[in-house]
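Structure first, commentary second.
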Amino acid sequence: MPDRPAHGQRFAYVAAFGIYTMAFLAVASPWLADVVRIPWDSVSQFYPQFAFLARSFASGQSPFWTPNVFAGWPQIADPQSLVFSPLHLLVALFTPNPTPRLFDAVTFGLLYAGGAGVMLMFRDRRWHAAAAVAAALAFSLGGSAASRIQHIGQIQSLVFLPLALWVLMRALERSSWLAGAAAGLFASFIVLGRDQVALIATYTLVGYVLWHWLDGPGRRARLAASIRPLALGALVGACVVTMPVLMTELLAQSSNRPEISFASAVQGSLHPASLMMLAFADVFGASDFNREFWGPPSIPWHDLIAHTGLYDSQNTGQIYTGALVAVALLGFGLARGALWTREIRFFTVAAVVTLLYALGKYTPLFYLLYEFLPGVALFRRPADATFVLCALLAIVAGYLIHRFLEGTLPPLLRWQHVLATAAVVALVAIAVALAHQAGMLASAALPLLWGTGFLAAAAGALALARRAARHGAALAALVLAAFSAADFAWNNAPNESTGLPSARYRALPRDTADETVAALKARLKASAAPDRRDRVELIGIDYHWPNIGLVHDFDHLFGHNPLRLGDFERATGAPDTVAAVRAKFTPLMPSYRSTLEDLFGVRFIVLGEPIERIDPVLKPGDVNLVARTGDAFIYENPRALPRVMLPTRWQQADFGKLIRDGGWPDVDPRRTVLLERPPADAPAGDAEGSVRIVRYQNTDIEIEADAPSGGFVVLNDVWHPWWRVSVDGKPADILKANVLFRAVVVPPGKHTVRFTFHPVAGAISEWRDKLGGARR
């Protein structure tokens, strides 16, 4: 067990934290100063979720369900929703109208906290403070965390890993109950990400526990000493994650992707050639606006080198974790054999296993993990493991730098020096050969020269830091921090994937003056009626538009999310996002002129191009062009039906067949509702009544119905098993109506119908039903 740091080392770490903070802020300043904004999924998917969370709290509503996307969506079960992100939740509670700039600041706050966790772990191990700064900056500003910073959920899963490791080590080495509870809490924050990074990070923690038990003599004593803190940690973690994980599992089972096939998953493998980007940040042109990307799986690579069968974005392989990390791994780790030192051996093994996972189809390991390791089959793109891989490499490299600064590395033999030099020369030679084969030698030449220059400069910075360390750890930390800040400010500067001009996203803030948003809000307000809450479709405008209704509180039929309810996707053809064009129509929704489109109440269709290009079967008068803005064409659907209706007749229908084949029955939805099974108390008469919305909130909808002969109160929101309904305060059954919607039978007379969302009780009930069905 490492001793507690001495007074001098504690002072060195105080100074090191200050140096880390200054270097971090310097590199993050373009985002924090609102010059650029984290683009793509950050503004399209995650900022709107954050804004919805804050808006819900400010209005006294529950954020567990939203009507603003996909005709209704269970936020509480969605890993993308940020409902269980501790920092986002805390900020949303106290900020009614968060800006995109604040959202970016929260993201960098998370990365800063992750780097601080690395430093705390190094401090406990009494490793050199300057090495801790280098490792922390590599963790928070390098690797996939930098190149794929737009993936906020995966960032959140990653940043709690060092903090969890820090307190887990304390719990195991000191048999500390308090540290065990903290480890369970931080581990639960990882699990709450409910993504592939969370899965791999969780297995890393489990692997560390097993390693601690089995590594060296005294196994029985270590096992016995760890039982109580681990048990308390498991209890704390289980209390936090059980219901969210259960809800997500149930959502996955009813979603469009309950499991990813092996063939689909390995399309997201990390190509081995991408490993060159550990040493040469932009050899393939992935982050340069003015260069063509030519690395795997680009068109030049496919056409001139080899077809990979991969389906990855160009930033997936950007894993540059800094020149200091590359030099430490090559010069201190491989060349001097220090990677297998007992203090760091677990992290070396974990990094190798994670790398093999990330390579996916290029190694046999991923197939075995996919088949036998729980959770792996739920996720696509094994290359997501690079988030954890780069974090582990930062820790390993930090330890090697610590050994170098302390002068405890094995001596560098002549053959080892030759081997290290040959490895760098081989990397350059391979890159040159590939660039020549792809016809991109001119494009790759300058990045290779820059990369070689940064590697040489990193070696020089390490030598200078070692000399500076004789005069104090803080001075050495300052040298390495200055180099790292310059390295990341240049090689991981804002680019097409990580930082685009803030002005591009003027439509996002709630107080925007964007003309398309203003025109849409005005028309929705003008169309409001007691029975109406009209929906819109926003298609092909820009990447950050599909979830914008979450910010501005209007209901978009589609949205941006890799998860959708399975029946909804099959009935509507809803894709991940409609940022470009509508992916397809379906048998049940074959055109904008269709019964299902009308039932959804899509009153306004906002498109980035004329509607006839998307739906050529439309006839004049089917929809009307009512506005033309700089970004969009706004059409009105005059047949859009109200959100609530009171039909008095019913007709049986096979919903599965309707989704598969289409062919809506020739009935008026205002008069006749389609049901899969006969209702228990069907209305006896046919007298028309009236219905109106009294209160419409996220999870609480109150409707007044006047039904002279009884009828069906139909709410044209997506049916979901966690909703409950009462009629005049008495529980009633929610019927699945018109394929996707909700209905309840009301007897003759005036009634108050209330729909409420009960995710915990609903999830438990659904789980019990599934278990009961499995037993039968």
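Once the chain from A580 to A528 is taken as fully extended at 0.36 nm per residue, the excess over their C-alpha distance is 15.8 nm.
Taking the Cα centre of the chain as reference, the dipole from Cβ charges on Lys and Arg (+1) and Asp and Glu (-1) amounts to some 2240 debye. Sequentially through the stretch 262-269, phi angles give Karplus couplings (6.51, -1.76, 1.60; θ = phi - 60°) of 4, 4, 6, 4, 6, 5, x, 6 Hz, Gly and Pro residues having no value and appearing as x.
With every protein chain in place and a 1.4 angstrom probe, the accessible-area ranking of Y311, Y592, largest first, reads Y311, Y592. Taking a straight Cα-Cα cut-off under 18 Å and skipping sequence neighbours fewer than 8 places away in the same chain, the lysines within cross-link reach of K730 are K750. If you take the square roots of the eigenvalues of the alpha-carbon gyration tensor of the stretch 604-699 and sort them as a ≥ b ≥ c, do you get rounded (a/c under 1.5), prolate (a/b over b/c) or oblate? Prolate, since a/c reaches 1.5 and a/b exceeds b/c. Once the convex hull of all Cα atoms in the stretch 215-294 is built, its volume per residue stands at 258 Å³.
FRET efficiency for the R126 to A680 pair, using the beta carbon distance and R₀ = 41 Å, is estimated at 0.05. Our estimate of slack between V432 and W450, defined as 0.36 nm per intervening residue step minus the Cα-Cα distance, is 5.1 nm. Across the stretch 354-396, the mean sequence separation of Cα contacts (distance under 8 Å, 6 or more residues apart), normalised by length, yields a relative contact order of 44 percent. Per residue, the accessible area of the chain comes to 39 Å², computed with a 1.4 Å probe over protein heavy atoms only.
Annotation: amide H of H271 has no partner in the under-5 Å range at sequence separation 5 or more or interchain, hydrogens built in the peptide plane.
So which aspartates and glutamates pass the test for K619, namely a Cα distance under 13 Å, with those fewer than 8 places away in the same chain ruled out? Filter leaves no residues. Distance between the 7 Å Cα→Cβ label points at V617 and Y696: 2.9 nm. Relative protection proxy for 316-322, 737-743, from highest mean packing down: 316-322, 737-743 (other beta-carbon atoms within 10 angstrom). Per residue, the average separation of C-alpha pairs within less than 8 Å and at least 6 apart gives the chain a relative contact order of 14 percent. The share of accessible area on the chain that comes from carbon and sulfur is 61 percent, using a 1.4 angstrom probe.
The relative contact order of the stretch 638-734 comes to 32 percent, based on Cα pairs under 8 Å that sit 6 or more residues apart. Annotation: amide H of T66 within the under-5 Å range of W73, Q75, sequence separation 5 or more or interchain, hydrogens built in the peptide plane. Put simply, the amide H of I541, placed in the peptide plane, has neighbours under 5 Å in G608, leaving out anything fewer than 5 places away on its chain. Taking label positions 7 Å along the Cα-Cβ direction at both L373 and W213, the computed distance is 1.8 nm, reported to one decimal. Between the C-alpha center of the stretch 602-633 and that of the stretch 686-748 there is a gap of 32 Å. Multiplying the residue separation of K657 and V14 by 0.36 nm and subtracting their alpha-carbon distance yields 224.8 nm. With a Förster radius of 45 Å applied to the C-beta separation of L771 and A58, the computed FRET efficiency comes to 0.70. Across the stretch 364-372, rounded Karplus estimates of 3J(HN,Hα) from the backbone phi angles (6.51 cos²θ - 1.76 cosθ + 1.60, θ = phi - 60°) give x, 5, 4, 4, 5, 5, 4, 7, 10 Hz, Gly and Pro being marked x. Evaluated with a Cβ-only charge set (Lys, Arg +1; Asp, Glu -1), the stretch 466-531 carries a dipole of roughly 320 debye about its Cα centre, given to the nearest 20. When W213, W65 are compared by accessible surface with a 1.4 Å probe, the order from highest to lowest is W213, W65. The residues E636, E676, sorted by heavy-atom accessible surface at 1.4 Å with ligands and nucleic acids left out, run E676, E636 from largest to smallest. For the stretch 720-763, the square roots of the Cα gyration tensor eigenvalues, ordered a ≥ b ≥ c, give a/c of at least 1.5 with a/b no greater than b/c, which places it in the oblate category.
The values are calculated or read from the model by the stated rules, or taken from the named source; none is laboratory data. Bear in mind that the values here come from a model prediction, so they are computed numbers and not experimental data. Positions of Cβ are backbone-derived with ideal geometry, glycine not excepted, and every protein chain shown enters the neighbour counts. Accessible surface is based on the protein model in full, side chains and every heavy atom, while ligands, DNA and RNA are left aside. Shrake-Rupley method; radii C 1.70, N 1.55, O 1.52, S 1.80 Å.
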